[in-house]
1. Give me a count of the residues in the range 324-348 that are surrounded by fewer than 23 Cβ atoms within 10 Å (Cβ to Cβ) and in a loop (DSSP other than H, G, I, E, B).
2. So which residues in the range 439-462 are without any contact (Cβ under 8 Å) to a residue 24 or more places away in the chain and not charged (D, E, K, R)?
3. If only one of Gly380, Gly409, Gly387 is within 16 Å of the chain's Cα centre (by Cα), crowded, with 19+ Cβ neighbours inside 10 Å and not aliphatic (A, V, I, L, M), which one is it?
4. Considering only residues that are at pLDDT 75 or above and under 14 Å from Phe69 (Cβ atoms), which ones fall in the range 1-24?
5. Under 7 Å between Cβ atoms, which residue pairs at least 6 apart in sequence (or on different chains) link something in the range 296-310 that is within 13 Å of Asp385 (Cβ to Cβ) with a partner that is basic (Lys, Arg) and surrounded by fewer than 18 Cβ atoms within 10 Å (Cβ to Cβ)?
6. Of the residues that make up the range 425-436, is at least one at pLDDT 90 or above, open to solvent by 30 Å² or more (accessible area, probe 1.4 Å), among the charged types (D, E, K, R) and touching a strand residue (DSSP E or B) at 6+ places or on another chain (Cβ under 8 Å)?
7. Being open to solvent by 60 Å² or more (accessible area, probe 1.4 Å) and within 16 Å of Leu206 (Cβ to Cβ), is that true of even one residue in the range 243-254?
8. Find the helices (runs of 4 or more DSSP H) located wholly in the range 447-527 whose residues include 1 or more that are in contact with a Cys (Cβ under 9 Å, 6 or more places away or on another chain) and at pLDDT 90 or above, and list them.
Amino acid sequence: MAIYPESQAPTSLHDPLLPWLWSIRKALEDLKSGNDSGLDLSKLVSDCIKMFKDSAQYRDDIRFLKIWFLHIGFCKDFGSIFTEMLEKKICVGQSLLYVWYASYIESKGKLYDAQMVYQMGILRNAEPVEWLKKAQALFLDRVSELVNSSSLEKVDDGESIQSEESHINPWSSSTMKNLLRRTNTQITKYDGCRSINKPYSGKVALSSQNLSRNKIIEIGGRKYQIKGRAGQGGFAQVYKACLISNPDEIVALKIQKPPFPWEFYMYRQLDQRILAEDRSSFGFAERMHLYSDCSILVCDYLANGTLQDAINSYVVTGKSMEEVLCIYYTIEMLYMLETLHGGGIIHGDFKPDNLLIRYARDDLVEDGFRDRSGSWRDQGLCLVDWGRGIDLRLFPDDMEFKGDCRTSGFRCIEMQQNKPWKFQVDTYGLCVIVHMMLHNSYMEIQEKPSPDGGYIYLPKSPFKRYWNVDLWKNFFTKLLNNCPGNNERNLLQDLRESFQDYMCSNPQLIRKLKELLLKQRASLCSA
């Protein structure tokens, strides 16, 4: 590793890092040659990091980034060091950071985590971004070869994933292999699945470069015209398309390489476990085409934008979402998780860009608000993107999980402290979303003394005086400090009913909500 370029003379008086660089280089040369100069390389690197990690002068210095790489080599907790680099914004605009770390965790078999690191760098437009995209493409090729060449044992229907440990990472490569093994052997029994043990043979290649607007592709005997890109995930591209035989039928095509039938499996579990009157809150997958090199999920398309879009519409004006609208969406999300967790399902990626907005076809009336009847049933949110979904029925009843979602800002307290978690991955995401609606910012938490002499976690951002402070404080206190073994579904129900009681205590609040929803619809749907 070249710590310092040969061509650069060490004469600057304004570069305090230089003496450290030369000492570290000397220690590296001694280590390589076997000489003992008395320089402790590990201590030198550690002291250098401590000295300059808060220095804005070296935040984007590629030399300092290489010092961090050496630091990681001497430590065991690689994940926490990488997280610290992100928090300190150490070279977050450099592709090298993401490629190096993704390559390391790939070598440890954490394929999903590696893809998330690549995706993080691309979303941040790290330079040179084309090099980063090329590295990601090579990684996906390696994953595809691994999936296609794996000899997987069959898992019988109804068998749960057993573990000798009390905790398991549900997203690790080994766990996902077991889950996909089960899914692959059972996927064809579900309506709408078409499995072909050959590569996709359409005339138009299914890649982001070739699949442009107005292209016509044929999938499973049906022809679709691409209308544009609707989104992009870790392994997937999502396109808006219409059926050639019926142009009014608009769908979302989610194309994943390598093939990933897990999401279709999760949609079919939702079909089986969610009551019909609640089903529209969790998205629909009409069919899936499973090829040897990719999978194509055909889903319903909702054109009203996401909850993230709604939040952003306030951010650009410098304002925050009105409290009554925040309360409404909080009620919707509490009901979602109450229903979902009661059915033995965890979403695993609960964030505002996975929540699509639904609008009622008919006028909203006050009488149906509390029980979500009439037009209120069509109004609300729709939770999509089930690629990180967890089917609890595949695990022992007492199983808790360990593993990091790697989604900045949405890592629950247990993940941050390397403790086991279960439903907290979703409820913490809910808290972050509510904080974003109220404050236009991600949530930061802090410890505060509790009446019993211990401490509790609460958001750092204060509650505004004109809000219903007791309502919000109770919400964050209960969800951020929910102890294992508590009845989580009852907690969600109690919180939901507390917000509903407040809204129904004053008819003027529901009338104001109706006006805000109409205004939001006119704004977002015309944008």
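The values are calculated or read from the model by the stated rules, or taken from the named source; none is laboratory data. Computed from a predicted model, the values in this text were never measured in an experiment. Positions of Cβ are generated from backbone atoms using ideal geometry, with glycine treated the same way; all protein chains shown enter the neighbour counts. In case anyone asks, the SASA skips ligands and DNA or RNA and just uses the protein heavy atoms, side chains included. Shrake-Rupley method; radii C 1.70, N 1.55, O 1.52, S 1.80 Å.
1. 3
2. Ser441, Gln446, Pro449, Ser450, Pro451, Gly453, Gly454, Tyr455, Leu458, Pro462
3. Only one candidate qualifies: Gly387.
4. Result: Leu21, Ile24.
5. From residues that are within 13 Å of Asp385 (Cβ to Cβ), the pairs are Leu302/Arg358.
6. So the first thing to find is which residues in the range 425-436 are at pLDDT 90 or above, and the list is 425-436.
Next, only the ones that are open to solvent by 30 Å² or more (accessible area, probe 1.4 Å) stay: none.
Within the range 425-436, not a single residue is at pLDDT 90 or above, open to solvent by 30 Å² or more (accessible area, probe 1.4 Å), among the charged types (D, E, K, R) and touching a strand residue (DSSP E or B) at 6+ places or on another chain (Cβ under 8 Å).
7. So far as the range 243-254 goes, no, none of its residues is open to solvent by 60 Å² or more (accessible area, probe 1.4 Å) and within 16 Å of Leu206 (Cβ to Cβ).
8. In the range 447-527, 469-480, 507-524 are the helices (runs of 4 or more DSSP H) which contain 1 or more residues that are in contact with a Cys (Cβ under 9 Å, 6 or more places away or on another chain) and at pLDDT 90 or above.
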